[in-house]
Amino acid sequence: MTTRRLSLTTLAALLVASSLAQSQLIRAQAASPTPLVYTVSFPEPASKTFTVDVAVPTDGRASVDLMMAIWSPGFYGLQNYADRVTAFSATAPDGAALTVTKPTPSRWTVATGGLPTFTFSYTLSAPRLSNLSNGVTESGAVIIGPSTYVTLVDQTDRPADVTLRLPPTWTGSMTSLDSAPDGRPNHYVAPDYDVLADSPILAGADLTTTAFTVGGIQHYWTYLGQAEWDGARVAAAITPLIEEHIRFWGGLPYQKYVFLNIVTAGRGGSGVEHLNSVAITGGGREPADQTARFRNAVFLSHEYFHAMNVKRLRPVELGPFDYEHAPVTTGLWVGEGLTSYFGDLLAARAGLGSPEDYLAVCSRHITDLQTKQPGRLVQTLEQSSAQMFERIPSDQKVDYYVKGPVVGLVLDAHIRRATNGQRSMDDVMRLERERWSGARGYTGAEFNATVSDAAGFDVEPLLHTLIATTEEIDYTEMLDWFGLRFKTGDPAAAWTLEVRPDATSAQRQHFADLLAHTKK
Ligand SMILES: [Zn+2]
């Protein structure tokens, strides 16, 4: 366990947390309808299935429509989770069967006969442990909300109550959901479907959690499965990273945060961000060298930056979530692209990598864009986001994970140069947060106007070129401001950044300022 406190930022963190708690309380008091009560059971883990019984209040309606999500916030692809419901039925409180029909692939209609409540029961296929959908083995389970919880079509603001019935050999479960007031293990509550769906749960025989405090807030590093990298060592390694993010945003937006790690053999790491947690699939091994260490740091930093950018500051089209229709937004260059830009930057600022490590990561983004993304000349960054659910040939599209962070760097240099280092993309994200975080989110036009407001001059011409055209990116200004150049060599193979040997002291200072601890 590692405990470090930040006296200057604790107050800000508490202020953010307490106002959040208050708003949740007000919401709960105003609404408080009867919750949906879910019981999740694992009668035959070897079959890679599990069952869910949900007690559904009807409010006296003769017919009730239920649905399952077709996509997950944070994982931008059509999933049609109802395909994995292998059996379903509905019963009255006295055990009598009720008629269930399936009017669409992801909906069920239950004829209630006017009963005040009924139970909808279903079996879910859960073939593989991963952070993308449900998995069950004889020793553990991953429960991903949108693929697990059938809910009322028209009442997703209803609270939920979840009890896990675990096999006797399993030791427990971990999630960012609040424990139920009765304090029973494996019993959780959520104020609404959004929070329920956005809070994965790990459970099993081999579950280990390390708790650590940063900024006065509890964080947890949890493994499902055997991991070589000791949780206490991970906590010590990532505490400076979280502290850097606190400096960036001025506080923490949650009261609890969980890193949920699913240990899998032989597969590379990936993460999916959630409201108060991240679900990571990875090998559970400590990075072998500094290059791997920094790559892991920027990966975690990206996921963690999402706790604000996407989860609490998001494009207007992404929320309130419509789980039955895929969203269309131009904003993923911000949500994913700028998350990568700041993920890299804050990992370097936290001291987890050297300036050379940071340049290596930037070089990789630019090389990928200039040598592996011919679609950059076909599709704009905004189109790339808006067409995220479409199947487009790889040479006809540009990846917002690749071009996004490059745009972040070029924009940052532009703003720093025009303001002689007085303003930066830090100021942009902070003003965006101030103006647009919350339930509604920002439109593309609002986000763009705020970039110029934060910079103090009209950034629109360059911003438009970068996100709304397929013009090649001009790196001249960025290289000049930071005193960098591309190493000579084949531009079809690599675009490798290095500090110019003849960089002036002013240029060296600009680069040092970029990587210095975030200023308040
Ligand atoms: Zn992401």
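Computed from Cα atoms, the angle from the helix 7-31 axis to the main principal axis of the chain rounds to 30 degrees. In a simple Cβ point-charge model (Lys, Arg +1; Asp, Glu -1; nothing else charged), segment 35-203 has a dipole of about 440 debye relative to its Cα centre. The helix-based estimate of mean residue ellipticity at 222 nm for the chain, built from -39,500 (n - 2.57) per DSSP H run of four or more residues and divided by its residue count, is -10500 deg cm²/dmol to the nearest 500.
Calculated FRET efficiency, LEU377 and ASP502, Cβ-Cβ r, R0 35 Å, to nearest 0.05? Here the calculated transfer efficiency is 0.60. Label 7 Å along Cα→Cβ of THR39; segment 147-175 residues with amide nitrogen under 16 Å? It comes to 161-168, nothing else. Provide the net charge surrounding ALA126, with neighbours chosen by a C-beta distance below 12 Å and charges set as Lys +1, Arg +1, Asp -1, Glu -1. After counting each charged neighbour, the total is +2. Multiplying the residue separation of GLU356 and ARG165 by 0.36 nm and subtracting their alpha-carbon distance yields 63.7 nm.
What is the order of ASP399, ASP344, fewest Cβ neighbours within 10 Å to most? Mind showing how you got there, number by number?
Working: ASP399 19, ASP344 28.
With the sparsest Cβ surroundings first, the list reads ASP399, ASP344.
Relative to the dominant Cα principal axis of the chain, helix 339-349 is inclined by about 60°. Note on ALA494 and ALA236: the extension gain reaches 89.4 nm, defined as 0.36 nm multiplied by sequence separation minus the Cα-Cα distance.
Over the C-alpha atoms of segment 319-419, the Rg to Rh ratio, Rh being the Kirkwood estimate, stands at 1.03.
How far, in degrees from 0 to 90, does helix 355-372 lean away from the longest principal axis of the Cα atoms of the chain, to the nearest 10? On a 0 to 90 degree scale, this one is about 80. The length gained on full extension between THR470 and ALA111, counted as 0.36 nm times the residue separation minus their Cα-Cα distance, comes to 123.9 nm. The Rg/Rh ratio of the chain, with both radii computed over alpha carbons and Rh defined as the Kirkwood radius, is 0.99. Take every Cα pair under 8 Å whose residues are at least 6 apart in sequence, average their separation, divide by the length of the chain, and the relative contact order is 12 percent. Near the amide H of ASP178, within less than 5 Å, lie the amide hydrogens of VAL189, all on another chain or at least 5 residues away, with H placed in the peptide plane.
Backbone phi angles across segment 425-437, fed through the Karplus curve with coefficients 6.51, -1.76 and 1.60 (θ = phi - 60°), yield HN-Hα couplings of 5, 4, 4, 4, 5, 5, 6, 4, 4, 4, 7, 10, 6 Hz in residue order; Gly and Pro are listed as x.
Here ILE392, ILE246 are placed in order of increasing Cβ neighbour count within 10 Å, fewest first, which gives ILE392, ILE246.
Throughout, read-outs are computed from the coordinates displayed, never taken from laboratory work. All values derive from a computational prediction rather than experimental measurement. No Cβ is skipped: glycine too gets one built from the backbone with ideal geometry, and neighbour counts run over all protein chains shown.
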